[in-house]
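What follows is a short report on a single structure.
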Amino acid sequence: MTTANIAGVSVTTKANVYFDGKCVSHSITLADGTKKSVGVILPATLTFNTGAPEIMEGVAGSCEYKLKGSEAWVKSGAGEKFSVPGNTTFEIRVSGEPYHYICHFG
């Protein structure tokens, strides 16, 4: 099931803009201090670096992703999640409609 609302959060109103605006997100902090980001990726193929492990949750649209060391692109859409280890890179490819996501850190 796709997360539709996240209650009781603090939102950083200044957007995080990456890759010349192809990825835009906002950082949120839950009451217990947990950090997440919510954002959108426009059609592009991008490479991200991770610090902490991440779980990417699709809210709308779809993407394909490829973890470091893998040759296979894997599709992920709304209501689906995929995990990325910490301290690595991964590629994400969006074609067609934008991919809306929640990134769960840690």
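Considered as a group, the residues in segment 84-106 that are open to solvent by 60 Å² or more (accessible area, probe 1.4 Å) and assigned to a strand (DSSP E or B) include one that is farthest from ASN5 (Cα to Cα), and that residue is ARG93. Looking across segment 51-65, the residues that are of a type outside the set (Gly, Ala, Ser) and open to solvent by less than 40 Å² (accessible area, probe 1.4 Å) come down to GLU54, MET56, GLU57, CYS63, TYR65. The residues of segment 1-50 that are in contact with a Gly (Cβ under 8 Å, 6 or more places away or on another chain), open to solvent by 40 Å² or more (accessible area, probe 1.4 Å) and either on the phi > 0 side of the Ramachandran plot or not in a strand (DSSP E or B) (or both), listed by number, are MET1, THR2, ALA31, THR34, LEU42, PRO43. When the residues of segment 66-83 are filtered to those that are farther than 15 Å from HIS104 by Cβ and within 13 Å of the chain's Cα centre (by Cα), the one that is least open to solvent (accessible area, probe 1.4 Å) is GLY77.
The values are calculated or read from the model by the stated rules, or taken from the named source; none is laboratory data. Keep in mind that this is a model prediction, so the values were computed, not measured. So basically every Cβ, Gly included, is an ideal-geometry build from the backbone, and we count neighbours across all protein chains shown. The protein model used for the area step is the full one, side chains on, heavy atoms only, and it has no ligands, DNA or RNA in it. Shrake-Rupley method; radii C 1.70, N 1.55, O 1.52, S 1.80 Å.
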